[in-house]
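The values are calculated or read from the model by the stated rules, or taken from the named source; none is laboratory data. Values in this document were obtained by computation on a predicted structure and should not be read as measured data. Cβ placement follows ideal geometry from the backbone for every residue including glycine, while neighbour counts extend to all protein chains displayed. Each accessible area value is taken on the protein alone, full model and side chains, heavy atoms only, with ligands, DNA and RNA left out. Shrake-Rupley method; radii C 1.70, N 1.55, O 1.52, S 1.80 Å.
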Amino acid sequence: MNSRHLSQFEFCPRLPALAISTLPPLQPIREAIKAHIAAGLRPVLSAAPVTSTIDFLNEAASAGFLYPSGDPFTLAQDYSCWLDGALRIVEELGLRLTPAPPAVAAGKRIQIESAYTDASTLHLFLIGSDPDESKWPILLAQLAEPLTIELHLFPLPSARGGRLSTPLTIAYRHPLTGSLRLATLDGETNFSAKWTRVGRWEEEFGWGNWRDGIDRDQCIDQIYRHFTIYPERDPDALREIREDAAAIAAAIPLPHPRLRENCSICPYARICHAEKEVDHVDDDARSLVTVH
Ligand code: SF4
């Protein structure tokens, strides 16, 4: 069991038991990216060869993913480009870390996802733009009682208009000069419709040049954010965290009702609701497709 299962319980109490026992028929691509970045951290943080981007594309070409609306091939390449860039930024930090031990709550060992440590500092590498989105990994990290928690956040926006528009993936080409920009600068609003979008993978831009563009266009904070958290020291507060974690961990294996408002965006909808289709609607509408 890991910290993600505790977060899933708060999304739907039925979900973590399903996630522990079976893979969904197809993973939403955003969830797949989280798993691949988690897998890529260990080699990056121990200076071993990293194969996450290739593994991700192989999975896109074999099992496939659930995609937001758009061309699956383009989206898979955009997301793989984001994954590659995020791991390069982690590499740039120059950290050498080992996986953090699990938190223990009422005798249950709960792995803290994407948590690594050196002598006194626990590092959390998470997808999201706000520490509040990472409730359970941060709570469980406090149970390890490090001196500080260094939170490394990688914002991952939703795909829009069939592309994943982040400065790790997409540049904008000026209609007249052909110059490329990764982000608007202070005082600018948006790139007009005349600027064309071009993916890093589409023109095989070298990472060195792209990284220079991130500095030039001052957009690292759209890619990576770092926070230092000073953990809770109050024994009563730590006991409360431990008790809450233990209560959720104990409740996960119990049966729970299945009709939830979140079913339409859940990858287990076709298992929980095998007898009927669940509509996939809105911007996160997903089509069942495989990239070849
Ligand atoms: S399909 Fe619905 S009931 Fe089943 S795990 Fe997902 S959110 Fe929960």
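Rounded to the nearest 20 debye, the dipole size of the chain about its Cα centre is 520 debye, using +1 on the Cβ of Lys and Arg and -1 on the Cβ of Asp and Glu.
Counting only helical runs of four or more DSSP H residues, what would the 222 nm mean residue ellipticity of the chain come to if each run contributes -39,500 (n - 2.57) and the total is spread over all its residues? Result for the chain, helices only: -11000 deg cm²/dmol. With all protein chains in place and a 1.4 Å probe, the accessible surface of region 101-255 carries 50 percent carbon and sulfur. Solvent-accessible area per residue in the chain equals 49 Å², computed with a 1.4 angstrom probe and all protein chains kept. Between the amide H of A105 and those of I110, distances stay under 5 Å, these residues lying 5 or more places away or on another chain, with hydrogens modeled in the peptide plane.
Counting only Cβ charges, +1 for Lys and Arg and -1 for Asp and Glu, the dipole size of region 167-220 around its Cα centre is about 140 debye. Size check on region 1-158: the Cα extents along the three principal axes, sorted descending, read 46, 39, 25 Å.
Subtracting the Cα-Cα distance of E202 and D215 from 0.36 nm times their residue separation leaves 2.6 nm of extension gain. Taking amide H as placed 1.01 Å from N in the peptide plane, the amide H of T166 sits under 5 Å from none that are at least 5 places away or on another chain. With R₀ fixed at 22 Å, the C-beta to C-beta distance from E240 to R109 puts the FRET efficiency at about 0.70. Among L140, I127, C81, which residue has its Cα furthest toward the positive end of the charge dipole of the chain, with +1 on Lys/Arg Cβ and -1 on Asp/Glu Cβ? Going by the Cα projections, it comes out as C81.
At the listed q of 0.08, 0.11, 0.13 Å⁻¹, the Debye profile of the chain, built from one uniform point per Cα, gives log10 I(q)/I(0) equal to -0.39, -0.73, -1.00. Among beta bridges identified by DSSP and lying wholly in the chain, the antiparallel ones come to about 70 percent.
Screening the chain for whole DSSP H helices of 15 Å or more along their axis (Cα) with average Kyte-Doolittle hydropathy at least 0.0 returns 29-45, 72-92, 235-251. The fraction of accessible area contributed by carbon and sulfur in region 1-91 is 56 percent, rounded to a whole number (1.4 Å probe; ligands and nucleic acids excluded). When K108, K194 are compared by accessible area at a 1.4 angstrom probe, the order from most to least is K194, K108.
Whole-Hz Karplus values for region 151-160 come out as 9, 10, 10, 10, x, 10, x, 6, 5, 9 Hz, taken residue by residue from phi with 6.51 cos²θ - 1.76 cosθ + 1.60 and θ = phi - 60°; glycine and proline positions read x.
Close amide H contacts of T196 (hydrogens built in the peptide plane, cut-off under 5 Å, sequence separation of 5 or more or a different chain): R173. Ratio of Rg to Rh for region 167-220, alpha carbon only, Kirkwood? Rg divided by Rh gives 0.94.
Accessible-area rank, largest first, for E232, E204, E150, E145: E204, E145, E232, E150, with all protein chains present and a 1.4 angstrom probe.
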